[in-house]
Amino acid sequence: MKIIRAKDYNDMSRKAANIISAQIIMKPHCVLGLATGSTPIGIYEQLVEWYKKGDLDFSEVTTLNLDEYKGIARENEQSYYFFMNEKLFSKVNINPKRTFLPDGMEPDSGKACADYNRIIEAAGGVDLQLLGLGHNGHIGFNEPGMAFEAQTHCVNLTESTMKANQRFFASADEVPKQAYTMGIKTIMQAKKILVVVSGEDKAAIVKEAFLGTITPKIQASVLQLHNDVTLVADEAALSLI
Ligand code: F6R
């Protein structure tokens, strides 16, 4: 694993955006695996800025997001679709028909997951997968457990994840309890993986995930087995390693 040390959040965002930008320049018709959450916001802002300057062209890019809440409509401000549209898709020249997320409004989990697996397969796999890291070591919504789930599946979110997500909802009752997420095998099949982490509150999990035992209890630890992972993290997140 390559570790790139950034001074702070802004520096992390720029460095990671540079890697994504290089991918798009090298392969304009690439497939990007994308993440939501707080960490990638600065990256998307940077990519939009470069697009506006004329340095980036998204016209041939396909995107596959990691996850979506189950039971939340696209128009809902808390949906991951809404997030992606607001932060990136509506601000660059990407073809909306080539932007994919699991369908949170499909109540049949088996169908929602099978449909998304088919979309991933049809896209031909992911060239560069962007990942954030949960405090419990989750990637996508692959929560700590007894196994690594291979493909897209429906997860019951853990208490700690629901608590972390609560900041985005008006009340605890509104926080979704389930989500559809890409599986670990799909993530591991990405040609390149880019993990971004910021903040002292993630320092312990960074150490455990990337230097500790490989275990489904810390889902991100499986990334130690991938041969092209780049971790871009700020000094605070790297303070324990
Ligand atoms: C989001 C996702 C999650 C987040 C993780 C970190 O699509 O897949 O795994 O990347 O929860 O979230 P933040 O960046 O908000 O700390």
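For the residue pairs Lys111/Lys192; Lys2/Lys185; Lys2/Lys163, alpha carbon separations beyond 23 Å are given by Lys111/Lys192; Lys2/Lys163.
Is there a quick way to get the dipole size of segment 149-197? I mean about its Cα centre, with the Cβ of Lys and Arg at +1 and of Asp and Glu at -1; what is the value in debye to the nearest 20? Each step should come with its number before you reach the end.
Details: 6 positive and 4 negative charges, 66 e Å.
Around 320 debye, computed over segment 149-197.
Taken about its Cα centre, segment 2-234 carries a charge dipole of about 580 debye when Lys and Arg each add +1 at the Cβ and Asp and Glu each add -1 at the Cβ.
With a cut-off of at most 10 other beta carbons within 10 Å, and DSSP calling the residue loop, which GluC sites (Glu not before Pro) in segment 72-165 qualify? Please list them. Filter output for segment 72-165: Glu75, Glu77.
The residue among Val229, Gly183, Ala114 whose Cα reaches farthest toward the positive pole of the charge dipole of the chain, with charges on the beta-carbon of Lys, Arg, Asp and Glu, is Val229.
Looking at the square roots a ≥ b ≥ c of the eigenvalues of the Cα gyration tensor of the chain, which shape do they give, rounded for a/c under 1.5, prolate if a/b is larger than b/c, or oblate? Walk me through the numbers before you get to the answer.
Details: a/c = 1.30, a/b = 1.02, b/c = 1.27.
Note, shape of the chain comes out rounded.
Taking 0.36 nm per residue of sequence separation and removing the Cα-Cα distance, the Asp228/Lys53 pair yields an extension gain of 60.0 nm. For segment 1-146, the residue among Ala16, Leu32, Gly124 whose Cα projects farthest onto the positive side of the dipole built from Cβ charges is Ala16.
Please sort by residue number the GluC sites (Glu not before Pro) in segment 1-69 whose DSSP state is loop and whose Cβ has at most 16 other Cβ atoms within 10 Å. Don't skip to the answer; put the middle values down first.
Values: sites: Glu45, Glu49, Glu60, Glu68; in loops: Glu60.
Within segment 1-69, the qualifying GluC sites (Glu not before Pro) (loop, at most 16 other Cβ atoms within 10 Å) are Glu60.
All of the numbers you see were taken from the coordinates with simple rules; none came from a lab. As the structure is a prediction and not an experimental result, all values here were calculated from the model. Methodologically, a virtual Cβ is constructed for each residue, glycine included, from the backbone with ideal geometry; neighbour enumeration extends over all protein chains shown.
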